[in-house]
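Down below is the structure, laid out as C-alpha cells.
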Amino acid sequence: IQYAPDSTFRIFTWQLMVSPVDYRYFGVIQMNTKEVQLIPLADRSATVEHVQQAVLSPREWYGALYYNIKKIEQNGKPYYLLFGYDAYSNRNRRKILEVLHYEPDGSVVFGAPVIPTKEGQPLHRLLLEYYGDSSVRLNYDQALESIVYDHLIEIPGRGGQGPLMVPDGSYQALELKEDKLVFVDKLFNNQAVEE
C-alpha cells in the first residue's frame, strides 16, 4: 500500500505467480473522499504496445508492485510518480517509473510526457528491463533531490540466451529542479585531480 504525499489517494498493488515464468498484477486506487471510491486496475501489460509512450486508463494498466510515490507539479498540474517492480519473466525483471495524473473530469490516467531523456524526446513512463540475477536501483533520493537509477549496458548471454542488460556501476538521474525533472546522464562524474 502506497499513499500519495498529498493524501488524495492510496494505491494497493499485489502480485500473483501463475507459474515460475508468469506473473499477474492486481491493484486498486482508493480516493480520499467521504464516500468510498475505488478504482480497480486491470493488468494489460502483455498487450501494451510502445510501453514508454503509451497513455493508459485503469482498465489498461501496466501492472506492477508499487514501492514508492513522489508528487511533482509541472505548469501547475500535479503528477504522481509511481515506482514499481515487475517480475516480468524467468530471465528478466523490470523496474518502472509510472506517471499518474487526473484529467479535468477527474478520471485517472497513466502516462504523461514528463520524463526527460538524453535524446530530448520525453517518455510517458520509464521502463528498465534487466537480467534477473542483477540488482537494479530506481527510486527517489531525498538527499540528492533526484530520481536515481542504474545505467544499464548490454552483455552477451550464455548458452544461446541472447544479450542481457545489466548495471555497469554508474547511475543516471532525473533531477528535480523547481518541480521539473531534468535528465542527468552521469550522476557521479568523478574525475582525478592533478596535483
Return a whole-number percent for the relative contact order of the chain, with Cα pairs under 8 Å and 6 or more residues apart as the contact set. 13 percent
In nm, the gap between the two label points placed 7 Å beyond Cα toward Cβ at Ser135 and Gln161 is 1.8 nm
Average accessible area per residue (Å²) across the stretch 12-61 - probe 1.4 Å, nucleic acids and ligands excluded: 68 Å²
Report, please, the projected area of the stretch 1-100 averaged over directions, based on the convex hull of its C-alpha atoms, in nm². 6.9 nm²
Over the stretch 117-181, with neighbouring protein chains present, the accessible area per residue in Å² at probe 1.4 Å is 56 Å²
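P(r) tail for the stretch 60-120, what percent of Cα pairs lie past 17 Å?
Distances greater than 17 Å cover 47 percent of the Cα pairs.
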In percent, how large is the relative contact order of the stretch 1-67, given Cα pairs closer than 8 Å and 6 or more residues apart? 29 percent
Once the Cα atoms of the chain are picked out, what are the Rg and Dmax in Å? 17.7, 68
Could you work out which residue, out of Ile39, Ile155, Ile69, moves most in a Gaussian network model of the chain, that is, has the largest mean-square fluctuation with Cα springs under 10 Å? Ile155
Give the average over all directions of the projected area of the C-alpha convex hull of the stretch 104-176, one decimal, in nm². 7.3 nm²
For the chain, which whole percent of the accessible surface, found with a 1.4 angstrom probe, sits on carbon and sulfur atoms? 48 percent
Between Pro113, Pro40, Pro20, where does the largest GNM mean-square fluctuation fall for the chain, given springs only between Cα atoms within less than 10 Å? Pro20
Please identify the trypsin sites (Lys or Arg not before Pro) of the stretch 87-151 that satisfy two criteria: DSSP loop assignment and at most 10 other Cβ atoms within 10 Å. Which are they? Lys118
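The values are calculated or read from the model by the stated rules, or taken from the named source; none is laboratory data. Bear in mind the structure is a predicted one, so any value in this text is a computation, not a measurement. Every residue, glycine as well, gets a Cβ built from its backbone with ideal geometry; the counts of neighbours run over all protein chains shown. Heads up: the accessible areas ignore ligands, DNA and RNA and are worked out on the full protein's heavy atoms, side chains in. Shrake-Rupley method; radii C 1.70, N 1.55, O 1.52, S 1.80 Å.
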